[in-house]
């Protein structure tokens, strides 16, 4: 099984960290094919940046979907998730939705902990989109600041552990999500220091993508996620334009990879 792992951020180092972390829990028959966006920002931290990243996500899926069994969007706010499900036939998961649904199987109420106040409005929107506001106890950020987004989990480890413990006590959270791609892998490292289950959103997204691929459900031909009919597309990348127009050459997505890292 091959899973396309799309990092809509432009940071290759972030992609490499996520791939290294994911391999610890990857099923033996699953191959990750990681792709890093070439356009956008190093780390998405607002709804406007997420809107831009959503288009990039669609373009990358159009270019690289051939031979894939599922897609994972590796950013917590899930840029492009709903449009991608409408447009493409593959199972597609993303970190925020997958983490929240996983948390609901572990306890009645979950809290989201992240590392920057700039992210909270976007993450609250992700909760609302999932329809899980009644299950979300809080979205919290530590007071401490950090120097580098790439080192944030190391810089704030103690503060994040303390905040998780306070969230359990004060917000009555039964599960805690560590939100944001730069926190990938931290849950496993601090699990024994927090009294409730911790969810790593990337592990949740890959696990659910693997399950959906194994279920082999048919793509929707009716309802909310039926693929839209063809229409002319102007100014888009060739692969995405071909897919939107339903042109026969869309089946031959032989465009050279944008930036593909070894898995």
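No lab work stands behind these numbers, since they all come straight from the coordinates. Here the structure is a predicted model, which means the values were calculated and not measured. When we count neighbours, we look across all protein chains shown, and the Cβ atoms used for this are built from the backbone with ideal geometry, even at glycine.
Per the helix-only calculation at 222 nm, which mean residue ellipticity applies to the chain, given -39500 (n - 2.57) for every DSSP H run of n ≥ 4 and division by its residues, nearest 500 deg cm²/dmol? Before the final figure, lay out each step's value.
Details: 10 runs with 104 residues, N = 263.
Mean residue ellipticity, 222 nm, calculated: -12000 deg cm²/dmol.
Relative to the dominant Cα principal axis of the chain, helix 95-104 is inclined by about 50°.
Dividing the radius of gyration of the alpha carbons in the chain by their Kirkwood radius gives 0.97 for Rg/Rh.
Give me the number: length gained by fully extending residue 51 to residue 221, i.e. 0.36 nm times residue separation minus the C-alpha to C-alpha distance, one decimal in nm. Display every interim value, and only then the final one.
On the way: separation 170, 0.36 × 170 = 61.20 nm, distance 2.64 nm.
Gain in length upon complete extension: 58.6 nm.
Taking a ≥ b ≥ c as the square roots of the eigenvalues of the Cα gyration tensor, the stretch 17-104 is rounded, since a/c falls below 1.5. Measure nothing but the geometry: give the 0 to 90° angle between the long axis through the Cα atoms of 157-171 and the longest principal axis through the Cα atoms of the chain, rounded to 10°. The angle comes out near 80 degrees.
Counting neighbouring beta carbons within 10 Å and listing from fewest to most, the residues 47, 218 come out as 218, 47.
In the chain, the longest principal axis of the Cα atoms and the axis of helix 120-130 are about 60 degrees apart.
Report the antiparallel proportion of the DSSP beta bridges in the chain as a percent, rounded to a multiple of 5.
Numbers: 1 of 24 bridges.
Beta bridges within the chain, antiparallel portion: roughly 5 percent.
You can think of it this way: the chain between residue 12 and residue 162 has 51.0 nm of extra reach, that is 0.36 nm per residue less the Cα-Cα gap. The modelled label-to-label distance between residue 233 and residue 211, using points 7 Å beyond Cα along the C-beta direction, is 3.1 nm. Placing a pseudo-label 7 Å from each Cα along the Cα-to-Cβ vector at residue 31 and residue 120 gives an inter-label distance of 4.4 nm.
Our note on the geometry: Cα centres of the stretch 15-79 and the stretch 159-201, 23 Å apart.
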